[in-house]
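Report on the structure given below.
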Amino acid sequence: MALSVHDFQIAIICALKVECDAVQAVFDGFLEEHGDPPTMIRKAQWDTNVYTTGKIGHHNVVLAHMANYGIGNSAGVAANLRHTFPDIRVAFVVGVCGGMPKNKTADIMLGDVIISTEMVEYGLGRQMTHGLRPTNPLGSRPNTELRGYLNKMQGQWDMFRLQERAIKYLASPSLIPGQTKPEHPGMDKDNLFVSTHRHKHHEKGVCESRDKCVHDNDIPCVASETLDCATLGCHELVNRQPREFPTQPQVHFGKFGSADKVMKSSTERDRLAREYSLIALEMEGAGVWEKIPCFIIKGVCNYSDSHNNKNWQPYAAATAASYFKAFLVPWREVIINPKIVEIPGK
């Protein structure tokens, strides 16, 4: 018997191709074309979303592919999703994010995964003389059911099983022929620079602007934005305590900041972390948060500073997808009561 739109309670929303690829790599099976029988879902009339349906554990899941990143786009995708799949109960925004390297309990490193407990839309608010004041600086919490699940998954036993499953899924082969999961780029590529050390030329005689960007207070030249840290001579690194298992991604629970901006300022990053207790920054969660009860699960691909690049995106997307699957498997779906149809004359 073919599945219908009423057989889906779990949605996944991804903004980037690398994020979608990572999520599909942890599917246990695809329902479209390869299902038995194939599941070809018809969309609601004005639903412009594009979907992939699959199986993860005992869950039927639907992946919504965003056309572009940003809060407005994710809000539109979330609203359309419910038109076609009316029984969706929880959405997972899965992908990559910028991390705040200093957490209260443990350092956050590239490849680690952040799971949302709260969310602050820090780009929405009142512009004051001294800066932007967010409308809701304390942040929004998920509903009672999601908060209960978060508490459960942070317990000692469930946390152990969560990390154990995620590492297993990260190492398991993909269902997609020819697709290999990204490997950890290496600890020598995980560089956290001092907050005041900017991504620009640091050596004289190599900048086309005639060394106008070499000094600490100079504005970086345009060319420096396309060059890597080694070429520019970036060197002031933070000395961090090494981990016992450095290439195994750790999971952190905490508050996300969401806004329509790519953060590339370490001083602004530190201010946001300090004022709003944020541990990660991303660009889609706020759009989904008010439309569908949701979790944000994202892998750290940069430190939200001027040195960030896309080198860690594939691996961070893979760690996020693996933790998403490990986090989803114990979730219990509800029984949808069938409609009672009265038979005339009875």
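Each value in this text was obtained by applying a stated rule to the coordinates, not by laboratory testing. Because the structure is predicted, anything quoted here is derived from the model rather than measured. FYI the Cβ positions are ideal-geometry reconstructions off the backbone, even for glycines, and counts take in every protein chain you see.
The share of Cα pairs per 5 Å bin across segment 166-286, counted from zero up to the longest distance, runs 2, 9, 13, 14, 16, 18, 14, 9, 4, 2, 0 percent. Listed from fewest to most Cβ neighbours within 10 Å, the set Trp331, Trp46, Trp289 follows the order Trp46, Trp331, Trp289. Under a model in which nothing but the beta-carbon of Lys, Arg (+1) and Asp, Glu (-1) is charged, the chain shows a dipole of about 700 debye around its Cα centre.
Rounded to the nearest 500, the 222 nm mean residue ellipticity of the chain from helices alone is -7000 deg cm²/dmol, with -39,500 (n - 2.57) taken per DSSP H run of at least 4 residues. Panel order for Lys310, Lys264, Lys325, by other beta carbons found within 10 Å of each beta carbon, from fewest to most: Lys310, Lys264, Lys325.
In terms of the ratio Rg/(2.2 N^0.38 Å) built on C-alpha atoms, what value belongs to segment 1-151?
1.20
For the chain, the longest principal axis of the C-alpha atoms and the axis of helix 144-153 are separated by about 70°. Shape class for segment 216-346: prolate, because the ratio a/c of the largest to smallest gyration tensor axis (alpha-carbon atoms, square roots of eigenvalues) is 1.5 or more and a/b beats b/c.
Does segment 139-208 come out rounded, prolate or oblate by the C-alpha gyration tensor, with a ≥ b ≥ c the root eigenvalues, rounded set by a/c under 1.5 and, if not, prolate when a/b is larger than b/c and oblate if not? It comes out oblate by the Cα gyration axes. Percent of Cα-Cα pairs per 10 Å bin, from 0 to the last occupied bin, for segment 57-116, please list those. Histogram of Cα-Cα distances, whole percents per bin: 16, 38, 29, 16, 1. Global size of the chain: 21.8, 94 Å for Rg and Dmax (C-alpha atoms, Rg to one decimal, Dmax whole). Centre-to-centre separation between the Cα atoms of segment 92-127 and those of segment 147-185: 18 Å. To the nearest ten degrees, helix 71-84 and the longest principal axis of the Cα atoms of the chain are 10 degrees apart. With respect to the chain, whose longest principal axis is taken over its alpha-carbon atoms, helix 156-171 is tilted by about 80°.
Here the alpha carbons of segment 212-279 define both size measures, Rg and Dmax, at 16.1, 43 Å.
Close amide-amide hydrogen proximity is noted between Ile10 and Val62, Arg89, each under 5 Å apart and 5 or more residues distant or on a separate chain (H modeled in the peptide plane; Pro and chain starts excluded).
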